[in-house]
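One structure below.
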Amino acid sequence: VGSVQGQDGVWVGVEWDDPTRGKHDGSHDGKRYFDCTNASDSEAGTHQPASFLRVHKIKPSISFAAAIKRKYLDGKGAVSMKGGGKGPDNTETEADEKRAYVQSANGRKIEIELCLKKDEDPIAALLALDRLYLPDEQVADAGPPGEAARCGVAADALKILDLGGNLFCDWHSIKRFGEE
């Protein structure tokens, strides 16, 4: 973490699990910033296992319960997921990233929202959910033992649990959801 010669801002050096994903080998313009363990053949240009990323592009992983709180309850009981949209360069704006979507069978993004009736308890609304969509929410695990079970969702009522595109590193992490 730090500056990179000839570049503005703070950068983070990352070595990818997939060595074909990167653009660098831990160096930039001839200056070495870090060593890669997967650097085999990087001199020949066949593997570039690392990248330099801007700090604001790094999103920390969170637990299952934290993802539910952030997506469905964030701050004011229920999340109002309106606003945002595409910026001038056709990328998602910060407000758009806070919106909740599911993908339809034909690939279209459909916005979803947890709707509460006036004075409805948001925890009671969570208990009534039969579908929980948390794709691409940086979920890495179920959290400490028992945390997923206490997250406010009635697991026996769930028919759909979408955890696609998250950060699970092994099947044991996923298995814990069923156990709790």
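Some observations on this one:
- With respect to (1) at pLDDT 80 or above; (2) open to solvent by less than 50 Å² (accessible area, probe 1.4 Å); (3) assigned to a helix (DSSP H, G or I), the lone exception for Asp96 is condition (1).
- Flag if Leu163 is modelled with pLDDT of 65 or more and within 22 Å of Lys57 (Cα to Cα): yes
- Test: Gly152 is open to solvent by less than 60 Å² (accessible area, probe 1.4 Å) and modelled with pLDDT under 85: yes
- Of all residues in the stretch 167-177 being in a loop (DSSP other than H, G, I, E, B) and free of Cβ contacts under 8 Å to residues at least 60 places away in the same chain, the one that is nearest to Gln138 (Cα to Cα): Phe168
- When residues of the stretch 150-160 are limited to those that are aliphatic (A, V, I, L, M) and outside any strand (DSSP E or B), the one farthest from Ser61 (Cα to Cα): Ala157
- Among residues of the stretch 129-178, those that are within 14 Å of Ala67 (Cβ to Cβ) and acidic (Asp, Glu), counted: 5
- Scan of the stretch 123-149 for residues that are over 24 Å from Gln103 (Cα atoms), open to solvent by less than 70 Å² (accessible area, probe 1.4 Å) and part of a loop (DSSP other than H, G, I, E, B), ordered by number: Gly143, Gly146, Glu147, Ala148, Ala149
- Looking only at residues of the stretch 6-18 that are part of a loop (DSSP other than H, G, I, E, B) and out of contact with any Ser or Thr (no Cβ under 8 Å at 6 or more places or on another chain), we find that the one that is surrounded by the most Cβ atoms within 10 Å (Cβ to Cβ) is Gln7.
- Of all the listed residues (Gly77, Gly85, Gly22), the sole one being modelled with pLDDT under 90 and surrounded by fewer than 13 Cβ atoms within 10 Å (Cβ to Cβ) is Gly85.
The values are calculated or read from the model by the stated rules, or taken from the named source; none is laboratory data. Please read these numbers as outputs of a predicted model, since none were measured by experiment. Note: ideal-geometry Cβ built from the backbone for every residue, glycine included; neighbour counts use all protein chains shown. For the accessible areas, the whole protein counts, side chains as well, though only heavy atoms, and no ligand, DNA or RNA atoms are used. Shrake-Rupley method; radii C 1.70, N 1.55, O 1.52, S 1.80 Å.
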